[in-house]
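Computed from the coordinates by the stated procedures, all read-outs in this text should not be read as laboratory data. Given the structure is predicted, the values throughout are model-derived calculations rather than measurements. Note that each Cβ is placed from the backbone with ideal geometry, even for glycine, and that neighbours are counted across all protein chains shown.
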Amino acid sequence: MLVSAYITPHPPIIIPEIGQDNLRQTPKTVEAMKKLGDDVAKLKPETVIIISPHSATLSNSFGIYNFESYQGNLAQFGAFNINLKFEKDQKLSKEIIAKSNFPLTEINSALAPELLEENNLDHGILVPLYYLSQKYNSFKLVPLTFSMLDLDKHFKFGKSLGKIIKESKERIVFVASGDLSHRLTPEAPSGYSPKGKEFDRQLVELIKQNKPQEILKLDQNLIQEAGECGLRSIVILFGVLSNFDYELDFITYEGPFGVGYATGKFKIKNATCLPAGRKVKNN
């Protein structure tokens, strides 16, 4: 069962050990990510499914990580004391592979050499999990990647995932990791485009209005010019949510470094916190 769903950015600069004084420029994002961490602590999910843009992106296939356990650090960004490790949800991973109606490739170090066995989580996963696991980290993990297929197929893939999640007895949180436009200012990492701000404005507004079908119709030139990395993650999330009764709890947005950061929570109606005294089961 799905107990909550989030949209998260993944800039390493929002990690205190990395961003340091720069965190003052991302107050909305940092506060929102802390709220999501509090939410995880209340809900005590057994599994977190997270989709990241920063592993192997295949042209005609979605991806699912396949390592014995999931771990990583942010040493490449200067945070040498941050090491995260999570158990693999073997059962749910196998169910997703068996029941998915879409091409799904198992991602390992042979397919993605940058993902080593001892450091196989990319920063698109590590940054959100840094905050989500601050107060509760006894969850298993299922990391996914999107593809270069069209947006409609991403929505349908999410819908297929949502059916699997709905049938599961596990308490599951789904996380769509991704930044928005990387071209908001002349100093932005990917250069400047005036369409960057327009893309972010339209996407955030459509999320607020709960109009996933309109998101699928966003102008392709606008998407390309925005230089985004999170749209497909968000579309998959809406596909997952189409199986549930839900509402947007909150969404924040800011772009202080030329990159758009959207952070949001979707409340799943009838989902409950873990009752007092109940322990999370192990598969």
- Among the DSSP beta bridges whose two residues both lie in the range 2-268, what percent are antiparallel, rounded to the nearest 5? 50 percent
- When Lys and Arg each count +1 and Asp and Glu each count -1, what net charge do the other residues less than 12 Å away from G37, Cβ to Cβ, add up to? +2
- Note on the structure: Expected max-MSF residue from A271, A110, A41 in the GNM of the chain (alpha carbon, under 10 Å) is A110
- Size of the dipole of the range 2-268 about the Cα centre, Lys and Arg at +1 and Asp and Glu at -1 on the beta carbon, nothing else charged, in debye to 20? 760 debye
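Nearest 20 debye, what's the magnitude of the dipole of the range 165-283 about its Cα centre given +1 on Lys and Arg Cβ and -1 on Asp and Glu Cβ?
Details: 17 positive and 15 negative charges, 149 e Å.
The dipole magnitude comes to about 720 debye.
Can you pull out the GluC sites (Glu not before Pro) in the range 138-235 whose DSSP state is coil and whose Cβ has at most 11 other Cβ atoms within 10 Å? Display every interim value, and only then the final one.
Working: sites: E167, E170, E187, E198, E205, E214, E225, E228; in loops: E170, E187, E228.
Answer by residue number: E187.
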